[in-house]
1. Which distance in nm do the two modelled labels at A:Asn315 and B:Glu78 give, with both placed 7 Å along the Cα-to-Cβ direction?
2. Please report how far the C-alpha centroid of segment A:150-184 lies from that of segment A:196-224, rounded to the nearest whole angstrom.
3. A:Thr317: net charge of surrounding residues, Cβ under 11 Å, Lys/Arg +1, Asp/Glu -1, itself excluded?
4. So, R0 is 45 Å and r is the distance between the beta-carbons of A:Ser108 and B:Glu61; what FRET efficiency does that work out to, to 0.05?
5. Can you tell me the convex hull volume per residue for segment A:201-327, based on C-alpha atoms, in Å³ to the nearest whole number?
6. So what does log10 I(q)/I(0) come out to for segment A:1-106 at q = 0.14, 0.15, 0.19 Å⁻¹, using the Debye formula with one equal point on every Cα and no solvent?
7. For the modelled label position 7 Å from the Cα of A:Thr213 along Cα-to-Cβ, which residues of segment A:153-173 have backbone nitrogen atoms closer than 19 Å?
8. Could you pull out the trypsin sites (Lys or Arg not before Pro) across segment A:148-223 that fall in loop regions by DSSP (anything but H, G, I, E, B) with no more than 14 other Cβ atoms inside 10 Å?
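Bear in mind that the values in this text are calculations on the coordinates, not laboratory data. Just so we're clear, the structure is a prediction, and the values are computed from it rather than from any experiment. With ideal geometry, Cβ positions are generated from the backbone for all residues, glycine too; neighbour counts draw on all protein chains shown.
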Amino acid sequence: MLSSTFKNIAVEGISVALPTQKVAVDTFIDSFGDEVVSGFKSMTGVESISRAKPEQTASDLGYEAALNLLNKTNCKTDDIGILIFVTQKPDFRVPSTAFLLHKRLGLSEDCICFDINLACSGFVYGLQTAFSMLDNSKSKKALLITADTSMRTLSPVDRSMIMLFGDSGSATLVEKKTCPQSTRFAFKTDGKRFKSIVTPAGAYRAKKIPNKTVMWEDGIERSYYDTQMKGMDVFGFSISDVPKLMKSFMEEFEVTSEDFDFFTLHQANKYILKQISRKVKIPMEKIPISLDRYGNNSSNSIPLVICDHLVNAQNKTFRLFMSGFGAGLSWACGDIHLNSDKIFPIIRTDNYFKG
Amino acid sequence: MENIKKYNKIFTAVFNVNETDLNGDFSITSVDNWDSITQLTLVSELEDEFDIMLDTQDILEFQSYEEGKKIVKKYNIEL
């Protein structure tokens, strides 16, 4: 476990943007049948998801979340010295999509910017990167944007994924300030299991594979440009490796589940959250759920659950245990303090970049 | 309802089959729609029905009708 601790850096704002289109899981009954859909809803807890318009990219959702965040926090763009964009669905191969966001947000030439290619662990990784770079630079503020449109690489007949993933974007402002509490992070990686969640073609390793569907060993038709998830492997990882890291994290930093107000966890599915609750001995009341209305939102699951559940408390500081886990395989934990006044209501948008 | 009836009812609902289809050959290799979603739905429904919580290894190995019976019996459920 790689861990780190930071002092005098804090999250000063968090905003989430969803596309306007809501898709009820029941609309898949015609494709997959009543039994499959009702079993899926009962096990995963997902009732509906949000879907981006065809023209809308992940960065469009992240941009709208960032714009809302900068307006709500009255943040001067010149103060932002670091822009990090976490996504698995970039606008371009070259350059990093962060450069388009840099232009659209009007950030300074003295701002570092780059993409991180991570999925469900991406928010915690991005946050730690922002904290680290602030800690080691003269920059006052960092902007972390996470966004995904997972739907873009899902086979329409993949009943294990097409009903599960929602689209969204988030923006988080991280700032140097005097504060009494420390922020901690911890990470694990297992590249040996990289095929557990993979989109094999579309980059440069498998360049000449035709874009046609074939039957995979799980009996689902996909092309090599579609994402495949080995469901039971990922499930096993989620309910064994992830709780193990959460427990190691709490042991190392000498905290217990009672020290945290909430466990804002990656919204993989309801059954996985139930298993984590049981293994780490966290009451389910401390694990807020947003997947019922929004599904699994990749790197945005954690900011989404925060903005969904903690937005209405008045000037209350929450201590949050975060955990994100997924493609890589990659898993991470965080311990942060966040004031409810820094959490903004979720916005809905169909806007996209027309440049 | 007898436990075996409850066990069978969950299988027939999850896989949309008749009770007469449930036999020693009913497994992940022979049933078309036995995938991660149906396997986890099956385990989740059985846990709720019998008020048990399976260990990770048992969930992963729950890959046939007969193997499932052995696993459920480990949790003191008579079938």
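1. 6.4 nm
2. 24 Å
3. Values: positive: A:Lys316, A:Arg319, A:Lys342; negative: A:Asp261, A:Asp341.
Net of charged neighbours comes to +1.
4. 0.20
5. Cα convex hull per residue, to the nearest whole number: 147 Å³.
6. Result of the Debye calculation: -0.80, -0.86, -1.04.
7. The answer is A:153-165.
8. On the way: sites: A:Arg152, A:Arg159, A:Lys176, A:Lys177, A:Arg184, A:Lys188, A:Lys192, A:Arg193, A:Lys195, A:Arg205, A:Lys207, A:Lys208, A:Lys212, A:Arg222; in loops: A:Arg159, A:Lys177, A:Arg205, A:Lys207, A:Lys208, A:Lys212.
Of the trypsin sites (Lys or Arg not before Pro), the ones in loops of segment A:148-223 whose Cβ has at most 14 other Cβ atoms within 10 Å are A:Lys177, A:Arg205, A:Lys207, A:Lys208, A:Lys212.
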